[in-house]
Amino acid sequence: MSAQGTPTAAGKATGTAAGTPKGAWTVTFLLFLFMLVNFADKIVVGLAGVPIMTDLKLEPEQFGLLGSSFFFLFSISAIVVGFIVNKVATRWVLLTLAVIWALAQFPMVGTVSFTTLLICRIVLGAGEGPAASVAMHAVYKWFPDEKRTLPTAILSQGSAFGVILAVPLLNWIIVNHSWHYAFGALGVVGLIWVCAWLTFGQEGPLENTRVLAATETKIPYIQLLTSRTFLGCVAATFGAYWALSLGLTWFTSFIVKGLGFSQSDAGWISILPWVFGATIVILTGWISQVMMARGYTTRISRGVLGSVPLIIGGLILAAMPYVPGVGLKIVMLVVGPGLCGAIYVVCPPMLGEFTPASQRGAILAIYGALYTLSGIIAPNVMGTVIQRSGNMVDGYMTGFTINAVIMVGSGLLGLLLLWPNTEKARLTRGAAPQAPELKGVVSPT
């Protein structure tokens, strides 16, 4: 019997094997840590915002530029690497990205200028741009489609725990030593992850990139990129990432300068959005998987489930400037943007539903590159609004109101456009399967 006729071989070639291979959860945990380091790297500038602005004598617009600079090469890098992982093992790509992160932190340990800090953040952004999409692509090689929502939620948790665990430690270093050493600590942690990945990281066995490239039906990229579900994922996550990038850059500064808390207290308060967001992510992943098991379409169990919290979160954030009391403002600032976490859990699996596995790395990367463009815009908009406002607190409130409008609008677009359950049939209608070209790829048995 040929390899094509062998059930095991066929399962590996198509990625439809029902079981979860041994080692899948070990790799998932390592990639969770990968995302943890990724977001700790992101948060450090926002956490140290007030000391950095004081030491380097930066205006709000300059600090907004610093926050945005992280995303200057973020999208370009994500797209380039996304096409690379269609051909190259994700194990080595992930290793390379982590090395870049670590090395980009060390120049900040000594005395630095604004220009040096800006350049290092640009380089770091180039290394971190492909991170989420490559990690998702890697973990999907270990799980069949119906089991991917929970691993996706776990990887998304890496971002929350990267903040929850890192913020107290980094803030302690900032308060008791220097913000310079906080960057150095992150560089060391990055190198430790590199060693762990070299030792335990593996490539998933459910999908053989060379076999898939030779056998599965391809869909033209233009059709994938203009499909309504792809556009809906980009639109919905754009609004969610606007809120996230503001949280990374401006949340701690708002707590200190806008609400009058100390740097030490602000460090603990800065954890709250991520604790709430982590809860939303885990609940979304679990609810989505339960709904699918009970027969709900992915339009409902993924599309609607991800979009509605985004709309509700935007409405809560829009009301935040008008509520009395500092405590209630913080609660609404935590809950509103925190509900955005649902969309990160459902969009990658939705795209994976209809994208051929040999094209998935590029599609996930392009998706990430497009929605993270809000990371370039949002911090700059907030900085400009604050600097040009007559009152700093009023400037912050205007910036958060803009964020709320974008969240509601992006959530409504997601609700309108996310129909993954019908997308594959529509895209493959009339497409002929690619003739097998397995010579040199799979040996006959």
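The values are calculated or read from the model by the stated rules, or taken from the named source; none is laboratory data. Since the model is a prediction, treat every value here as computed from it, not as a measurement. Don't worry about glycine lacking a Cβ; one is built from the backbone with ideal geometry, like all the others, and counts go over all protein chains shown. Protein only, heavy atoms only, side chains kept; ligands, DNA and RNA dropped before computing areas. Shrake-Rupley method; radii C 1.70, N 1.55, O 1.52, S 1.80 Å.
Let's test this: bin the Cα-Cα distances of segment 100-212 at 5 Å from zero up to the farthest pair and state each bin's percent.
All Cα pairs, binned at 5 Å, distribute as 2, 10, 14, 20, 19, 13, 9, 6, 4, 2, 0 percent.
Quick one: work out Rg over Rh on the C-alpha atoms of segment 11-130, Rh as Kirkwood radius. Mind showing how you got there, number by number?
Numbers: Rg = 17.8 Å, Rh = 16.3 Å.
Rounded to two decimals, Rg over Rh is 1.09.
So what is the relative contact order for the chain, in percent, with contacts set as C-alpha pairs under 8 Å and at least six apart?
Over the chain, the number comes to 28 percent.
Within segment 371-413, what whole-number % of the accessible surface is contributed by carbon and sulfur, with the 1.4 Å probe and all protein chains included in the calculation?
Whole-percent figure for carbon plus sulfur exposure: 66.
Give me the tail of P(r) for segment 20-67 as a percent: Cα-Cα pairs with distance above 17 Å.
Summing the P(r) of segment 20-67 above 17 Å gives 52 percent of all pairs.
Hey, in the GNM for the chain with a 10 angstrom Cα cutoff, which one of 151, 420, 60 fluctuates hardest?
60
Greater than 28 Å separation of Cα atoms is the criterion. Which listed pairs, 141/424; 147/424; 147/218; 42/257; 42/329; 22/424, meet it?
Flagged as over cut-off: 22/424.
Name the most mobile residue of 253, 262, 270, meaning the one with the largest mean-square fluctuation, in a Gaussian network model of the chain with Cα contacts below 10 Å.
Highest fluctuation of the listed residues: 262.
I'd like the carbon and sulfur percentage of the solvent accessible area for segment 182-322, probe radius 1.4 Å, heavy atoms only, ligands and nucleic acids excluded. Kindly include the intermediate steps, with their values, before the conclusion.
On the way: 3930 of 5500 Å².
Carbon and sulfur together cover 71 percent of it.
Find the cysteines in the chain that fail to meet the 4.7 Å Cβ criterion with every other cysteine, and list them.
Result for the chain is 120, 195, 340, no neighbouring Cys Cβ within the cutoff.
Find me the longest stretch of the chain that has none of the exposed GluC sites (Glu not before Pro), where exposed means in a DSSP loop (not H, G, I, E or B) with at most 16 other Cβ atoms within 10 Å.
204-436
I need the trypsin sites (Lys or Arg not before Pro) found in segment 55-111, filtered to DSSP loop residues with at most 10 other beta carbons within 10 Å of theirs.
Those satisfying the criteria are 57.
Given a 1.4 angstrom probe, what's the average accessible area per residue across the chain, in square angstrom?
Accessible area per residue, the chain: 38 Å².
What's the whole-number percent of alpha carbon pairs in segment 302-409 lying beyond 19 angstrom?
Value for segment 302-409: 54 percent of Cα pairs lie more than 19 Å apart.
Return the carbon/sulfur percentage of the accessible area of segment 19-74, one whole number, probe 1.4 Å, all protein chains in place.
C and S fraction of accessible area: 66 percent.
Kyte-Doolittle cut-off 0.5, length cut-off 20 Å along the helix's own axis using Cα: show which whole DSSP H helices in the chain pass.
Details: long enough: 24-47 (34 Å, 1.81); 90-105 (23 Å, 1.39); 114-128 (21 Å, 1.43); 149-176 (41 Å, 1.41); 179-200 (32 Å, 1.50); 228-253 (38 Å, 0.93); 272-293 (32 Å, 1.55); 305-319 (23 Å, 2.19); 341-354 (22 Å, 1.21); 357-371 (22 Å, 0.77); 374-388 (21 Å, 0.68); 392-417 (38 Å, 1.48).
Both cut-offs are met by 24-47, 90-105, 114-128, 149-176, 179-200, 228-253, 272-293, 305-319, 341-354, 357-371, 374-388, 392-417.
Compute a Gaussian network model of the chain, connecting alpha carbons closer than 10 Å, and tell me which residue from 133, 227, 159 fluctuates the most.
Its mean-square fluctuation being the largest, the pick is 227.
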